[in-house]
Structure formats: structure tokens, C-alpha cells
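> Sharing a structure with you now.
Read-outs: derived from the displayed coordinates by stated rules, not from any lab. Just so it is clear, the model here is predicted, and its values are computed rather than measured. Cβ: placed from backbone, ideal geometry, glycine included. Neighbour counts: every protein chain shown.
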Amino acid sequence: MSNKLHDQGDHFILTPKAEPWLERLVFNNRLIILIAFLAITVFMAFSAAKIKPDSSFERLIPLEHPYIQNMLENRDDLENLGNSIRIAVAVEEGDIFTDSYMETLKQITDEVFYLRGVDRSGVRSVWTPNVRWVEVTEEGFQGGTVIPDGYNGSQESLDKLRQNILRSGEVGRLVADNFRSVIIYAPLLEVDPDTGQSLNYEQFSRDLETNIREKFQAQNPNIHIYAIGFAKKLGDLIEGMRSVVLFFLVAIVLTIVLLYWYSRCWSGTLTPVLASIVAVIWQVGILRLLGYGIDPYSILVPFLVFAIGISHGVQIVNAMSIESARGFDATTSARLAFRALYIPGMLALVSDAMGFLTLLFIKIDVIKDLAVTASIGVAVIIITNLVLHPIILSYVGITKSGIKHQKNRGEERDRKWLRMSYFAHPSVARVSLLIALVGAGLGIYYKQGLKIGDLDKGAAELRPDSRYNRDNDFIINNYSTSSDVMVVMVKTDREKCSSYPVMKGMDDLQWVLENTPGVESTASLATVSKIVTKALNEGNFKWYELSRNQQIINSSIQRAPSGLVNSDCSMTPLLAFLEDHKAETLQRVVDTIEAFSRENANDDYQLLLAAGNAGVDAATNQVISKAKDLMLIFVYSVVSVLCFVTFRSIRAVLCIVVPLGLTSILCEALMTQMGIGIKVETLPVIALGVGIGVDYGIYIYTKFEYYILEGKSLQDAYFETLRSTGKAVMFTGITLAIGVCTWIFSPIKLQANMGLLLFFMFLWNMVGALWLLPALARFLLNPEKMVAKAKAAEGGV
Amino acid sequence: MKLTTVLRKMTFACALCASLNSPWSLAGDVLSTPAMKTELASSTLLVDVVKAGERLVAVGQRGHIIYSDDQGGSWTQANSPVSTLLTSLYFVDAKQGWAVGHGAVVLHTEDGGVNWSKQFDGVAANEMVIAQAQKRVANLKEQLETAPEEEASDLEYQLEDASFALEDAMADAEVGPGKPLLDVWFKNAQEGFVVGAYGFFFHTEDGGASWTNWAPRLENTERFHLNAIAQITGGAMFIVGEAGYVFRSTDFGETWETLESPYDGSLFGVSGNGNVNEVFVFGLRGHLFYSQDSGSTWDRVGVDVEESLMSAAVGEGGRIAVVGNSGVMLLSQNFGEDFKVHPQANRLGLLAATFLSPDQLLLVGEGGVNVLKSISKLN
């Protein structure tokens, strides 16, 4: 299809027959199109400027997964378990039993109370009345608030406070074992009951910083404040997202410098950048119009759009300079460049888009959005970089210095290209294939340990030494609490959630879980019942057992924390506190629960997985591991089919796709070795990598085939390919890799991971296309047959 | 692998119990489900520990029974037929031992604590108590018919009591085998006693094969919990319980008298100190009392603790350890004349102790087992 066009030769250039209708449409209406582009770009820029950060909790989770559906169905009854914030107020010197510390703690508690988004009724601190101590005496129970009545900051009342804290059982929970810090616990409301607005995480996180951390650390230099919770983590992520704008600017500057060094031509440097920036503006503008926001995941897309835009822009500039060097004027050169590139360009971009769309297989909204937004971006590039860019170039042309550089470089680099053309030489090709085979073998060997999900403790999205993770470490180390909670929802008939069979079932499951590696401890209504039954029997551990007497059970759970029973006692949560949220830990825990549920099926209760952050992570991991292979199969199928439709040859498909496969294998091996798991943020990169990588192969193969059909030998054809498209491919790969490199310095670990993987894929796909493609061609392609076939096809027309 | 085996066993047990057609044989009922094998048995709640010859045996939550042949260094989980909380155990020699617990279970071993079988449980206990109450009501009714007038009112009074007792027993049976036994003591391989909640008190003369309700032999009409039973040097036997109750028998448990109590709060333990007729009782909020005359008169032993005292261990040469809630440990070197307080730093409740050597103490409690070496160096 494309080869026929190439065959037409230069002298047909201006005959109407040789001009595809698209070319005529574009170049006969240059001015109108240019004005239209300008108008749309201005409109889109206004739209894009209004884009907002967006990161609702629900978009990050696989809504269709049964675990999540169970969680959402019981959401109202689980409120206090999910979203909360823990603020630890630590003393630098001495312990917490000083007047000034307690005064500050009181003020902080009050301030937390008034933070927008906090569920006030659930706030717990040494200073809130819901934190009490209880003691058994000869007469019965005695108790009170932990802060003694008539507290006045005197040594006496501080001593009393210490005694009350010891009796309250809050040591290790609200008060650190070493008495040097105290936690303020605040559940958050996802939706504000007064305004109906959903919680603004960015705002909340910022309020927490200014109204709590900064204010009180300044006010009392002897304290240090630590804060953890989903809201804080997300707030930090959004904060860190802003630095990406800087990386974007750095990448643009780097690209400009490299482009100029490459082309020595200002128009050749600025026009691709301009066209790509227009693409980004359009893409962001369209997103805003469609109601999307930008989140820490989709921030990747504008960058990707820019990168892909540059990649195609360089091809056009390259083709322009070659045609200009041959003496054509700007308009003709632009037309020729357009004609030569619009088919491979479209093919490459459609492959990109299809590759991105395979992300729709992953039923997590942020990833699905990523698929849609990236596809929109690629569609925009087809218009901006394949239409707008040649039109601009047809006006400005390639500067004289650029043409001169093109000519000079052509000669001076010949020797280098000549050496590289040996990649298509039989003996070198044999060695190359062997190396590729060994590489693939090693890759397969090393990627064996590839894991799904988070591999590290703490918030894996952020860096291990980020403040959030340091705060998390502090709280984990000083309190017997875990930030990874798996919640099983135990459903019963109404008013049956505390019946003996249900309590017994929960108690059994808890014990099975506590015997599962990775589970630190568990809690449920059954735990409360045992503890209180013991307490009601004068604190005698010989009574630490569930009673079969319903009246005893009822009195034992009378004061159970509100989150543990819903209003009609038909659901009660069972909590498992985990050592970490590594994928294997989560899977082991849900496997245990599911096995228990299967083996103990009964009419009294039903065990529903899963809520809590660990439940959400487990569901996410399952979705990702299920979608991963499907997605890769699909993306490779799509790319293969598109290549086949274009080149009508399975051998061509193999030449283009096999190097990509090697990159995918090596990328997974790299992930394994770097301790990066397959997660919400890395899985898209794998798909995107294939989509972008295929561009190189398509450009190289198109030219390669063209020269083969001209009757050149394989090595000569490849030499010509390198001289024309090859250098653009090489340049693009290096430029994009260097640009994306900046991400590795992002304060957000997930972006650093994305950056690292993209860096590898940009670079290695380029190497694969330039080095492995010709080696494969040597063994797969037969130039004589190809020429004969092409002739036959022509003759048949 | 291990877990699925356990789960399979649980479903199997459930299939079994459904066929028994008793309301208490629920899926995996704690009284018919063998304790799950777990490595956590020695590090989670244990309630009692004793010596069986050279071996140490301990019992605790979820039917756990563990033993150690190396002075507490390593522990092996025994085969226990139940998965309910066990509260106490007693060995008469290196082989023969009994353990009791919730659901009024009595377990027996003949091989020094490796394998255990169930002898008795709350279902049997309830049946027995009902049968006995019915018999007594019938007896009283019979007596009342033939009784002279002056005895009649007294008999009516007794009949009323007996009827109430029967009603209580029926109500208990309705609730199921819920009430725990709290302590066990055997005189020899044949004769022994168990005491428990709500006045449970049973006696056996055939090594636990059959039991008789012994509760009517105590003056405990309000059915207070009986927390502990022990024999002291000199032969006197004691039972202590809720509301400061202290009972004494000087004829090996045949008859019991109620002693005047030094305290009206609960007493959790009773122990001799190795000297003839000398005895300690202890309980709520650091209350510890000492008697030199088999409990006829008591003196309070002053110890500076607020926590409840649960159990005592007697070592050689007047060494006594008393342990209790929140990691409280009291040590005496002089038969209990005075005690020093040695709180354990983790503040976890301690339930029982035994001397491994004059200078080594094994503690069990909320956090499992803990060996204290060179206790003489504690300060």
C-alpha cells in the first residue's frame, strides 16, 4: 500500500494523480487550517488553565471488584474504620507529664476538632471525654475520664493523670509506651453532612500543616508533630504533583537544546516543540471540557503527549531537511515529507492509541481515565503533528544552516552509519540474535520474582525518606498499632450480630488469622465481649472466654465502640491488623478468610471481604494481576494486526514486534531487580511502552522496505534507512529518555518509578529497533522475493 | 497445609455434631473441637502451670495444653480434645493429671500430659444437677407428707429453696454448658474435687469417670463463684471464692465449714507455705491474708499493690511467689512474713507460677510463658 506511493518517483510529484486526496485537502487550504488551529488552541488554552487536581478515593479503587462492592454497600456502617487521621504529638525533652505539654495537647485537640472534614463525635485524645479508665473494686466498677476532674496542671493532677492513663489501657494505643508522645485520632467524613461536598484532600492536608503542625511546633518548641492517614498521604501526593510542572519545563528546555544540536535550524527546533505544546494544550483542554481533572497518575499523559509529539515532529523535520537538501522549496519539501510520513505516522499513532486503550481492561477508574486521556492525546497529535506541523514548516521551511548541516552531516556520518549497517550483515546478525536470545533468557529468569502490588512498608507512593513515611515509622515504632487493616464484614439477620454462633464464628476466624503469617493482631465484637466479660468478672483472666449466655454477651458489648455494631445489629466488622501491605501478605490473608468462609458456610452469618486499606489493596492487586496478561496479549495483538494490515507480511510483523517483546521482558526483569511491583502506576507504563516503542519499528521498517524494493541489498537498504530515518529514531529515543529522566528526581516515588521505566523503554525500544530489527530482517526477509512480489502486485493493478 | 487440615477437621466435627442432634453441638462447638495446633500456644494466654514429675505442663485459652521437658526452654502442644479456655490443672504423679475449664469440662491424661480425653462437661453437669435437684424436691415432698407439724414449716422452707434450685438448674441447662470450672484438686488417682462458677462443686471417687454434685455440702445458697481449692501442710483443705468466702475441711473434703472471712471482696487463691497449718488467701486489689491456725484467725499482709492477686507458688526454704494482674509479682524469702514487689515491665497479667529451682521461677499469663532466672538478684 505505502510502497506503491514510494515507487512513484520524484517526477510525479506535482501531478494530481500522485497526490493523495488528504494531502490536497491539507495543503490547498493551508491558511484556513492554520487560522482554525490558532482559534481552537486559544480556546483550549483557556479551558486547560482551569483544570483542577482531582483525586477522589473512589477513582483509585476497582469499583467493580466484589470486595469493593461489599465495602461500598456497607459504607455507612463502616465509616469510622476507613478514613481517619492520626496525629502524634511528641515531646523533644522529658515526658508528656508536664503542664505545658498537656496545655498544648489540649489546644491541638481543640484545633483538630475544628478541622474541616473531621467527624467530631469520633475524635479521641487524652483530652476527649470518650477516653476513660475503669477499675474493679469491692463495690463494683469505678471509672472516669482520663483527664482527672479538676485538672489544673499541678504535679498532683499530673500524677493522677498518669495513673488514669495506666488504668485506661490506652498505653500503646493513644499514649506511647515510653510516655513521650500522645496520639489524637480523628475519623474523617468523606462527604460533609452540612454542605454535601466531598472531602477536599488537598485542602485538608494543607489545613493540617498550617493550623496544626506549623502553628503548634512554632508555639511550643518542645514538641514535634507527626501525622499519618489516607488523607495526609493523598494531600502530599497532590502537593508533589506540582513539582512535575517543573520537570515538564526542564524536559522542554532539554528537548530544545538537543533538537537544535541535532538540526542546527531554529525552525526545525521550534516547530516540533510548538506543535507538541499545542497538542498538550488541546489534550488538557479537552480533558477539562470532558470533566476530567488531573491526578498523580494522569499527570503522566501531557508529558507523554509531548514526547510522542516530538518523536513524530523529528521525523517530519528530518524528512523536510532531506527533501530541502535535495533542492525542493519549502512547500514542496513539506508536501513530500507529509506524503512520506502520514501513513507510517498514522499507523504508529493509531498503534499508540490502541495500546493505550487496552488499559480499559483494568477496572480501576484512574487507569481507565488514563487510557481515555492518553488516547485523546494521541488523536490530537495526529492532527497537530501530522497536519499542523508540516503546514507551519511549509511556510517557514528549513533554514539554510539546517540544510547545510543536513548535507554535511550526511557525509561526515556516513562512516558511522556504514558501521551500523553491519547489523544487517549475516554474521553480525547471527551474533545479535544470539545476544537477544540470551538477553531474553536472562530477562525471563530474572523477572521470575516480579510481584504485584507494593513491596515496601509504609506509603509506597512516596519516597521511603519522605516526611509521611518518617511519620509513619515513628507511629508504628511507638504504638502497638498497624496502619494496614483488613476488614471482614460479618453480615447476619437483624439483631443477630452479637448472637453466640456469630461471636463464636468471628472468634474462630480471628484465631485462624492470628495464626496466619503477616497478621499482627485482630479485633472484633468477640474480642470486646471477652475483654469485658473478664472485666465484669473482676478482671480475672479465667473468664476471658465467650459466654453462651446471651445476657452476658449483651451486657459485655453494651459499651462496644460504635463502629463495631451497626444500628440494627446486622453487620459487625472483624479487623485484622497486618504487618505490611505487601501483595503476598494481602493475598495470604484473603485466601485464609475465603477458605474459612467456604469451610464454615452456615445460616447464622456471612463473611464479606473486604474493607480497610488492606482490603482495597488486595482487591486492586487482584484486578491488576488478572488484567496484566490480558492487557499485554491484547496490546501485542493490536500492534501485530495493525502492522500486518499495513505491511501485509507476517515477517514484517515479526521484525517489528519481536524487539518490543524483548523490551517488555527486560523491563519486567528490571522491575523485579529494582523492587518495583506491578501496580496502578506501573502497569500503564508497560502498555504505554509497547505503544510508543512500536513507532520506532514502524518508521524504520517503512524506509527499510522502501529501499529493499528499490532493489538494494539488505545491508545497503539498511544503510540508507539509517541515513534517513535511523538518525531521527536514534535522536528521538535519546531525547525522550533524557527528558523523562528528570522524573526520577520527583519527590513522589510513583512518578520516579514511572520515569525510570519510561526511560528504560524509550531507550531500549530505540536500541531494539535499530539493532535487532535488521538482524531479524536478515533471517526473515528475502529481498528478491519481496521485489518480485511487489512487481507482481503492480503488474496486477 | 496445616490450616486446611484444621479447617477440614472443623467441618468434620460439625458434621458429627449435627448428627448428635443436641442444641449445643453447633458447628465446631468448643467442647467437641480439638484445640488447633499452633505455635502461638506458648506465647498467648496461659492460665495455669504445674509440674508432672520433671515435666512442666500448662493450660490456657482455646483448649491449649503445652508441656516442656527442658525446664520451660521449649514447649510442645499436647492433644487436647476441646478448644475452650482451660482454667486449671493438677497432677497426682508424673502420669495422672486432670485439667478443667469453661463449659465445665474435665480432661484427663494418663501419659503425663501428652494425650488428653474428656471425662465430663457442662452438658453432663447440668443433667446431674437437675437430677439431683429433682430428687431432693421429690424427697422433701415425701418428707413433708409424713412430717410432724412442727417440722413442716421448716421443710416447706427447704422445699421452696430446693424448687428454686431446680428452676435455676433448668434455666442453666437452657443456656447450655456455659459455666466454667475454675480449679481442680486430686487427693490421689481416684479421689478428687473440682470447683467453679456459681457454686459448681463436684466430687469423684473413680478417677473422674463419674462425678457427684458436692455443692450442697457448702453453705453457699447464693451460689457465689468458687475460685480455688487447695490442701495445706497438715492436711486441712480450703476453698475460697467470691465475696470473701473461705471454706475449710479437715476430713479430706467430706464435710465443710464456713470460716469467718477477713475480707468481703473476692478471693482468687489459697496456698500453704510448707509449714503445718499455715495458709494464705489472696484476691482483689492486693489483698493478702495469712493464718497460722488453719484459717481460724487471719492477719493482713501489707503489700504495696493495687492489682488483684491470682495465684501463688511455694518453693524451698520459705520461698513464696504470688502473682497477679498487670504484671504484679510478690516474692517472699521467709514463708510469707513479708513480700517484696517486683512488677514485670510489660504489665501483662500473670496467672500462675512455679519454682523451677530455688532461684528460678516460671511465670504464665496473658503473654504466655516466661522464665525468670536468678530471682534472688531482683531488686
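> What FRET efficiency comes out for residue A:243 versus residue A:674 if R0 is 25 angstrom and r is the Cβ-Cβ distance? Round to the nearest 0.05. Intermediate results must be reported in sequence, preceding the final value.
Numbers: r = 22 Å, r/R0 = 0.86.
For R0 = 25 Å, the calculated efficiency reads 0.70.
> Still on this structure, I have one more. Let me know the number of lysine pairs in chain B closer than 18 Å at the Cα, not counting same-chain pairs under 8 apart.
Value for chain B: 12.
> What is the Cα centroid distance between the range A:279-316 and the range A:427-505, reported in whole angstrom?
31 Å
> For A:151, A:468, which order do you get if you count the other beta carbons within 10 Å of each Cβ and list the fewest first?
On the way: A:151 18, A:468 23.
By the 10 Å Cβ count, ascending: A:151, A:468.
> Report ³J(HN,Hα) in whole Hz for each residue of the range A:492-506, in order, from the Karplus equation J = 6.51 cos²θ - 1.76 cosθ + 1.60 where θ = phi - 60°; Gly and Pro get x.
So the Karplus estimates, Gly and Pro as x, are 9, 5, 4, 6, 10, 5, 10, 6, 4, x, 5, 4, 4, x, 5 Hz.
> Ok, one more. Cα to Cα, under 25 Å, and not fewer than 8 places away if on the same chain: which lysines meet these conditions relative to residue A:50?
A:232, A:233, A:368
> Going highest first, how would you order A:691-703, A:34-46, A:640-652, A:299-311 by mean Cβ packing within 10 Å? Could you put the intermediate results ahead of the total?
Values: A:691-703: 27.7, A:34-46: 14.3, A:640-652: 17.4, A:299-311: 26.2.
Ranked from most to least packed, the peptides come out as A:691-703, A:299-311, A:640-652, A:34-46.
> Another question, then. Could you check the simple spin-label distance between residue A:651 and residue B:174, using points 7 Å along Cα→Cβ, in nm with one decimal?
9.2 nm
> Given +1 on the Cβ of Lys and Arg, -1 on the Cβ of Asp and Glu, and no further charges, what dipole in debye does chain A carry about its Cα centre, rounded to the nearest 20? Present the calculation step by step, with values, prior to reporting the outcome.
Numbers: 73 positive and 80 negative charges, 879 e Å.
Roughly 4220 debye for chain A.
> From the backbone phi of the range B:110-124, what are the Karplus-calculated ³J(HN,Hα) couplings (6.51 cos²θ - 1.76 cosθ + 1.60, θ = phi - 60°) in whole Hz, Gly and Pro given as x?
10, 10, x, x, 7, 10, 10, 10, 8, 9, 7, 8, x, 5, 5
> Still on this structure, please answer the following. Taking the Cα atoms of chain B alone, what are Rg (to one decimal) and Dmax (as a whole number) in Å?
21.4, 73
> I would also like to ask the following. If the cut-off is a Cα-Cα distance under 24 Å, which lysines reach residue A:407, setting aside same-chain residues fewer than 8 apart in sequence?
Excluding near neighbours in sequence, the set is A:416, A:703, A:712, A:727.
> Per residue of the range A:649-655, in order, report the coupling 6.51 cos²θ - 1.76 cosθ + 1.60 (Karplus, θ = phi - 60°) as ³J(HN,Hα) in whole Hz, putting x for Gly and Pro.
For the range A:649-655, the Karplus curve yields 7, 5, 4, 4, 4, 4, 4 Hz.
> A further question follows. Considering only C-alpha atoms, what is the centroid distance from the range B:317-352 to the range A:214-267, in Å?
Taking the Cα centre of the range A:214-267 as reference, the centre of the range B:317-352 is 59 Å away.
> Quick query: amide H of residue B:65 versus all other amide H atoms, modeled in the peptide plane; which residues come in under 5 Å with a sequence gap of 5 or more or a different chain?
Under 5 Å from the amide H of residue B:65: B:78.
> Where does each of B:222, B:191, B:278 land when they are ranked from fewest to most other beta-carbon atoms within 10 angstrom?
Values: B:222 10, B:191 17, B:278 20.
Fewest to most other Cβ atoms nearby, the residues stand as B:222, B:191, B:278.
> For residue B:94, enumerate residues with amide H under 5 Å from its amide H, sequence gap 5+ or separate chain, H modeled in the peptide plane.
Under 5 Å from the amide H of residue B:94: B:53.
> Could I ask something else about it? What does the structure give for B:172-179 when I average, per residue, the other chain Cβ atoms found within 10 Å of the residue Cβ?
Values: counts 1, 0, 1, 7, 4, 1, 8, 3.
Rounded to a whole number, the mean comes out at 3.
> So how far apart, in nm, are the two label points at residue A:39 and residue A:791 if each is 7 Å from Cα heading toward Cβ?
5.3 nm
> If you don't mind, another one. Rank A:458, A:425, A:441 by how far each Cα sits towards the positive end of the charge dipole of the range A:424-476 (+1 on Lys, Arg Cβ; -1 on Asp, Glu Cβ) and give me just the farthest.
A:425
> Taking 45 Å as R0, compute the FRET efficiency from the Cβ-Cβ separation of residue B:114 and residue A:470 and round it to 0.05.
On the way: r = 51 Å, r/R0 = 1.13.
With a Förster radius of 45 Å, E is 0.35.
> Right, next: If the rule is a partner Cβ under 4.7 Å, which cysteines in chain A fail it?
That list is A:265, A:643, A:655, A:667, A:741.
> Taking R0 as 60 Å, what FRET efficiency do you get between residue B:243 and residue A:72 from their Cβ-Cβ distance, rounded to the nearest 0.05? Each step should come with its number before you reach the end.
Values: r = 52 Å, r/R0 = 0.87.
After rounding to 0.05, the efficiency reads 0.70.
> Put a dot 7 Å past each Cα toward the Cβ at residue A:192 and residue A:58; how far apart are the dots in nm?
Using points 7 Å along Cα→Cβ, the separation is 1.9 nm.
> Just rank A:389, B:225, fewest to most, by other beta-carbon atoms within 10 angstrom.
B:225, A:389
> Let me ask something else. Towards the positive end of the charge dipole of the protein assembly as shown, with charges on Cβ (+1 Lys, Arg; -1 Asp, Glu), say which of B:228, A:489, A:25 has the farthest Cα.
The residue sitting farthest along the positive end of the dipole is A:25.
> Peptide A:532-540: average number of partner chain Cβ atoms within 10 Å per residue?
Values: counts 0, 0, 1, 0, 0, 5, 11, 11, 14.
Averaged over the peptide's residues, the number is 5.
> Residue A:453's amide H: which non-local residues (gap 5+, or another chain) put their own amide H closer than 5 Å, with H modeled 1.01 Å from N in plane and none for Pro or chain starts?
Residues meeting the criterion, in which the H sits 1.01 Å from N, are A:678, A:679.
> If I take every Cα pair under 8 Å that is 6 or more residues apart in the range B:276-379, average their sequence separation and divide by the length, what percent do I get for the relative contact order? Each step should come with its number before you reach the end.
Working: 254 pairs, mean separation 17.6, N = 104.
The normalised contact order for the range B:276-379 reaches 17 percent.
> Let me ask you something else. Rounded to whole Å, give me the distance from the Cα center of the range B:190-210 to that of the range B:68-147.
The two parts, judged by their Cα centres, are 7 Å apart.
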